[in-house]
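Only one structure is covered here, and it is reproduced in the block below.
The values are calculated or read from the model by the stated rules, or taken from the named source; none is laboratory data. Bear in mind that the values here come from a model prediction, so they are computed numbers and not experimental data. Cβ placement follows ideal geometry from the backbone for every residue including glycine, while neighbour counts extend to all protein chains displayed.
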Amino acid sequence: MTDPDATGPGPVRRQIWGRRQGPGLKPARRQLLDERLPALRITLPEQGRLDPASLFSRPMQGFRLEIGFGGGEHLAAQAKARPELGFLGVEPFLDGVGKLVAEIEAAGLDNVRILTDDARLLLLVLPDRCLQRIDVLFPDPWPKLRHHKRRIVNRQTVPEMARALVPGGELRLATDITDYARWMLDTALAEPRLAWMAERADDWRVAPADHVPTRYQAKAEREGRKSVFLRFVTRQ
Ligand SMILES: C[S@@+](CC[C@H](N)C(=O)[O-])C[C@H]1O[C@@H](n2cnc3c(N)ncnc32)[C@H](O)[C@@H]1O
């Protein structure tokens with residue numbers, strides 16, 4: 001679904017083409033979202049920047065962002081493994097948000113905050129050099145040429161990602177679609193603040209040690225497609 005009338009901060013329009021809600025959002029999940037999401041939700045400022053530290057009830061040693069977290073399995077696992085870091089997750093699909101909120105409740109996590117909107121809007125309001133890492137895992141590939149402009153990894157978003165990362169921070173991109181992998185690589189290499197970390201083929205063919213497989217990754221593997229992991233570091 002696209003929301004062409006809504007505008008976000010600055011000149012960027014909200015761009016969400018996938019579903020916001022599936023047929024399967026059960027009443028109990030809906031109730032959990034109604035009760036718990038307000039305390040976890042990121043509200044975008046009407047003007048100015050959004051300091052990630054202001055979102056959490058205790059001091060954090062750094063911040064990470066995951067864009068399009070789907071069912072949230074990767075994000076929840078990272079947040080459990082690194083309780084000293086604050087995690088921002090963006091996902092407009094409410095069924096996925098419901099899964100993550102249930103996991104946050106079950107694990108008692110206090111270091112995750114969620115935006116249920118277009119990640120572009122958050123990127124625009126983040127301060128410079130505020131994130132240690134950004135993950136964009138198996139984003140929608142939009143295979144048709146005329147839809148390439150919908151890809152979340154693009155020449156407008158990647159500079160914003162590089163700007164928001166601390167020097168020495170990491171942009172981690174993953175996909176199972178060869179054409180999108182090439183596109184991601186071209187796009188990131190065109191950004192002068194980013195350097196590709198790969199030195200050998202296994203650096204992009206093998207998942208990073210702390211990676212947790214996602215639902216879309218599992219689907220790709222079942223269907224015989226291999227995943228590519230592209231990691232970029234921000235120059236000092
Ligand atoms: C193919 S799924 C991958 C989900 C998950 N990362 C995984 O690997 O299982 C892409 C996700 O990106 C989300 N998405 C689409 N447009 C988005 C946007 N503008 N901002 C943030 N997330 C978006 C979709 O709702 C969807 O859940």
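A few remarks follow.
- Conditions (1) within 25 Å of ALA53 (Cβ to Cβ); (2) away from the ligand (no atom under 12 Å from the Cβ): number failed by LEU121: (2)
- Selection within segment 169-201 - touching a residue at least 24 places away in the same chain (Cβ under 8 Å), under 19 Å from LYS149 (Cα atoms) and charged (D, E, K, R): ASP176, ASP179, GLU191
- Residue selected from segment 202-225 under the condition aliphatic (A, V, I, L, M) and within 11 Å of the ligand (Cβ to nearest atom), by the criterion nearest to the chain's Cα centre (by Cα): VAL212
- Test: LEU131 is at pLDDT 95 or above and within 14 Å of the ligand (Cβ to nearest atom): no
- Residue that is nearest to ARG20 (Cα to Cα), among those in segment 79-98 that are surrounded by fewer than 21 Cβ atoms within 10 Å (Cβ to Cβ) and within 15 Å of the ligand (Cβ to nearest atom): PHE93
- Of residues in segment 148-166 being more than 25 Å from ASP51 (Cα to Cα) and without any contact (Cβ under 8 Å) to a residue 40 or more places away in the chain, the one farthest from the ligand (Cβ to nearest atom): HIS148
- Segment 173-219: number of residues that are under 18 Å from PHE69 (Cβ atoms) and surrounded by fewer than 19 Cβ atoms within 10 Å (Cβ to Cβ): 9
- Restricting ALA76, ALA106 to those that are part of a helix (DSSP H, G or I) and surrounded by fewer than 21 Cβ atoms within 10 Å (Cβ to Cβ) reduces the list to ALA106.
- Test result for ARG231, within 14 Å of the ligand (Cβ to nearest atom) and not hydroxyl-bearing (Ser, Thr, Tyr): no
- Selection count where residues are more than 17 Å from the chain's Cα centre (by Cα) and within 25 Å of LYS226 (Cβ to Cβ), scope segment 152-186: 7
- Matching option when the condition is assigned to a loop (DSSP other than H, G, I, E, B) and modelled with pLDDT of 95 or more, among ALA188, ALA207, ALA195, ALA220: ALA207
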